[in-house]
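Please treat every number below as a calculation from the coordinates, not as lab data. Not measured: the values here are computed from a predicted model. Glycine gets a Cβ as well: all are built from the backbone with ideal geometry, and neighbour counts include every protein chain shown.
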Amino acid sequence: MKQPLKLMCILAHPDDESLGTGGILARYADEGVETHLITATRGEQGWFGAAADNPGPQALGQIREGELHNAANQLNIREVSFLDYIDGELDQANPPEIIDKIADHIQRVRPQVVVTFDPYGTYGHPDHIAICQFTTAAIVAASHTDLQSDHAPHQVSKLYYLTDSQAIFDIYQRAFGELVMTIDGQERRATAWPQWASTTHIDTTAYWQQVWNAIQCHRTQLPGYEGLQKLPEDVHRQLWGQQHFYRVFSMVNGGRQIESDLFDGLR
């Protein structure tokens, strides 16, 4: 019996799934692909309102978990799982522990395709970089038998990193201002991928409104999204109507031809 197609996105925070991978999650769910989301933290530090109104990390994490489930319903994600790490501390997680956790999910769900952040963390975000590194390691670990797991080894067929062009970053910075973080005394800025380096371009135009609806489910984050809300419809279509990726590895295809389907070689 042919195995059903499965897509797993492994990300750092609530709202990453909508802002980063909303288009592919909506599109592939609509095509009948099983879509699964692993989120490392509950975004406990992501408060954009008045400081006096901040409910605190634990309560905010619970609120943001609910927002993520609402967004997942908009995107028709089959399953959402949390790794239970703290926002802003993901790069300090115990590597064997978190790698085993992710690998256990991979062995349980058995996705052919996994998507995560790129090694730059989009704009140098340590949590984004950490989940990229841990996910990549977990894919290797999941193919072996020496895990504390009840599941059989599983070999992922394709791994992708999210990539954004300078044109997309220009839109984001038009909405949010300059994307910059100061980490360890150094400024980290949005790092665009050159167009030739993206291996995979996915058309999600039919799902842009669905993605925007999912983004708006993250109500605690809406003050930070004020600039997005002011963008005209054609810019929203540009933001959510296309998704670009770097194919880190594939067991089933290769070459320089631009893919238009994450499941090329698997259908």
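Placing R0 at 22 angstrom, the Cβ-Cβ distance between Ala167 and Gln92 gives a FRET efficiency of 0.05 after rounding to 0.05. Taking a straight Cα-Cα cut-off under 16 Å and skipping sequence neighbours fewer than 8 places away in the same chain, the lysines within cross-link reach of Lys158 are Lys6.
For the pair His69 and Thr205, what calculated FRET efficiency results from E = 1/(1 + (r/R0)^6), where r is the Cβ-Cβ distance and R0 = 30 Å, to the nearest 0.05? Computed FRET efficiency for Thr205 and His69 comes out at 0.70. A simple charge model with +1 on the Cβ of Lys and Arg, -1 on the Cβ of Asp and Glu and nothing else charged puts the dipole of the chain at about 700 debye relative to its Cα centre. On full extension, the segment bounded by Asp84 and Leu231 gains 49.5 nm, given 0.36 nm per residue less the C-alpha separation. Between Tyr246 and Gln155, full extension at 0.36 nm per residue minus the direct alpha carbon distance yields a gain of 30.9 nm.
If R0 equals 45 Å, the separation of the Cβ atoms of Phe48 and Arg256 corresponds to a calculated FRET efficiency of about 0.60. Over all pairs of different C-alpha atoms in the chain, the reciprocal of the mean inverse distance, the Kirkwood hydrodynamic radius, equals 18.8 Å. With Cα atoms defining each centre, the range 1-22 and the range 188-236 are spaced 16 Å apart in the structure. Taking the number of Cβ atoms within 10 Å of each Cβ as an exposure proxy, the fewest-first ranking of Asp16, Asp203, Asp234, Asp164 is Asp234, Asp203, Asp164, Asp16.
Here the range 14-170 is treated as an ellipsoid with the same Cα gyration tensor; its semi-axes, largest first and in whole Å, are 25, 19, 17. Between Gln195 and Thr182, the distance separating the two model label sites (each 7 Å from Cα on the Cα→Cβ line) works out to 3.6 nm.
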